[in-house]
Amino acid sequence: MLILAKAVLSMMIGFIISVITGAIAIPLLKKINVKQKVSSYLEKRHHDKEGTPTMGGLIFIIPTIITTVILICTNKIEMSHNLGIVMFVFISYALLGFLDDFLIIRRGNNLGLTEFQKLFGQIIIALVFFYILMKSGADPTIDISSLGLKINMGWFYGIFLLFVLVASSNAVNITDGLDGLAGGLSLIAFLALGLISWNSKGIAGGSDIAIFCFILFGTLLGFLLFNTYPAKVIMGDTGSLSLGATLASVALITHHELTFVVIMGVFIFETLVCIIQIVSMVWFHHKVFLMTPFHHHLEKLGWHERDIVKFFWVIGLILSMCALIFGVWI
């Protein structure tokens, strides 16, 4: 019962602070003219979103930090080394995304950081994450307990970790194209990873990381009150880069990399669609999809935005339930 009480408390506090933050932040973002620029390539219905406040990721980032500090100060959770690493990734990628959004707003177009600058920043943060993780005494291994496999990757683990962290942050960023899509899928993913983290044996601070995931579940739920169709605020890179990297860091620390692939199924699919489209255009000069990411392809086929989001949420939920069965039960 104590476990359940802690989980509910963290979600509740995160949700309440997130709702209050959103109610304050959205009028403020409008006042200082922090507005979204919509690409001319998107469906006409998206043009109505022109001027919607962006940097909405702050609505769940700030409350998550505040809630975590409150729970630490009241001795509900401990500031373990592993929780510190997760929070470092969460805040660092949020700052990188914030810089990108800030430049977009300042320039008045969709040109923030260049792809190289953004990738360079992601890699630097990932390298620091790897250094801190190895200094903490973590093993460079992939442990698939459900299959009884433990693979020591040696020096290659650093490259693997770098790839997972950068790929995950970009995958959520790519998926963030419809109202509530990335936020809802991330909410489901954090709930699943929270339950898995709590069940992780031999991981220092596993229960504290689980609480952090539950806090993010609560703050994202509060954020979705403002972000579902029609969105009053848009997440922006401030939120999407941070969410993707944090999900990856939790999976890596708790050694649930394979389970993580299942949980991130929709994000991975969206990314693969973009890669297939690029390869097809470069090598064969032919479009496989009407538009990428895949959610825009469905829009071109006549699907309504709300139906696409609900469809992807259901798939994300099913995949997360499968991941829980695989990662916890079996």
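Applying a threshold of 9 Å to beta carbon distances and a minimum spacing of six or more residues, or different chains, the list of pairs starting in segment 47-64 at a residue that is part of a loop (DSSP other than H, G, I, E, B) and ending at one that is modelled with pLDDT of 85 or more and hydroxyl-bearing (Ser, Thr, Tyr) reads 54/238; 55/238; 56/238; 57/238; 57/240; 57/242.
Among the conditions (1) small (Gly, Ala, Ser); (2) outside any helix (DSSP H, G or I); (3) under 17 Å from the mean Cα position of the chain (by Cα), the only one that residue 112 does not satisfy is (3).
For the residues 303, 313, the requirement of being touching a Gly at 6+ places or on another chain (Cβ under 8 Å), within 22 Å of residue 230 (Cα to Cα) and among the aromatic types (Phe, Trp, Tyr) singles out 313. Residue count for segment 199-243, restricted to those that are among the acidic types (Asp, Glu) and more than 17 Å from residue 25 (Cβ to Cβ): 1.
Does at least one position in segment 301-311 carry a residue that is surrounded by fewer than 20 Cβ atoms within 10 Å (Cβ to Cβ), more than 29 Å from residue 157 (Cβ to Cβ), under 19 Å from the mean Cα position of the chain (by Cα) and not charged (D, E, K, R)? Give the derivation first.
Going residue by residue through segment 301-311, those that are surrounded by fewer than 20 Cβ atoms within 10 Å (Cβ to Cβ) are 301-304, 306-307, 310-311.
Now restrict to residues that are more than 29 Å from residue 157 (Cβ to Cβ): 301-304, 306-307, 310-311.
Still in the list and also under 19 Å from the mean Cα position of the chain (by Cα): 310-311.
With not charged (D, E, K, R) added as a condition, the list becomes 311.
Yes - at least one qualifying residue is present in segment 301-311.
So which residues in segment 297-324 are among the aromatic types (Phe, Trp, Tyr) and part of a loop (DSSP other than H, G, I, E, B)? Let's see the steps before the verdict.
Here is the first cut: in segment 297-324, the ones among the aromatic types (Phe, Trp, Tyr) are 303, 311-313.
The answer is 303, and nothing else.
The residues on offer are 193, 181, 220, and the sole one that is aliphatic (A, V, I, L, M) and closer than 26 Å to residue 115 by Cβ is 181. In the set (1) more than 27 Å from residue 295 (Cβ to Cβ); (2) in a helix (DSSP H, G or I); (3) touching a residue at least 40 places away in the same chain (Cβ under 8 Å), the condition left unmet by residue 165 is number (1).
The values are calculated or read from the model by the stated rules, or taken from the named source; none is laboratory data. These numbers were taken from a predicted model, which means no experiment stands behind them. A quick note on method: Cβ atoms are made from the backbone with ideal geometry, for glycine too, and the neighbour counts reach across all protein chains shown.
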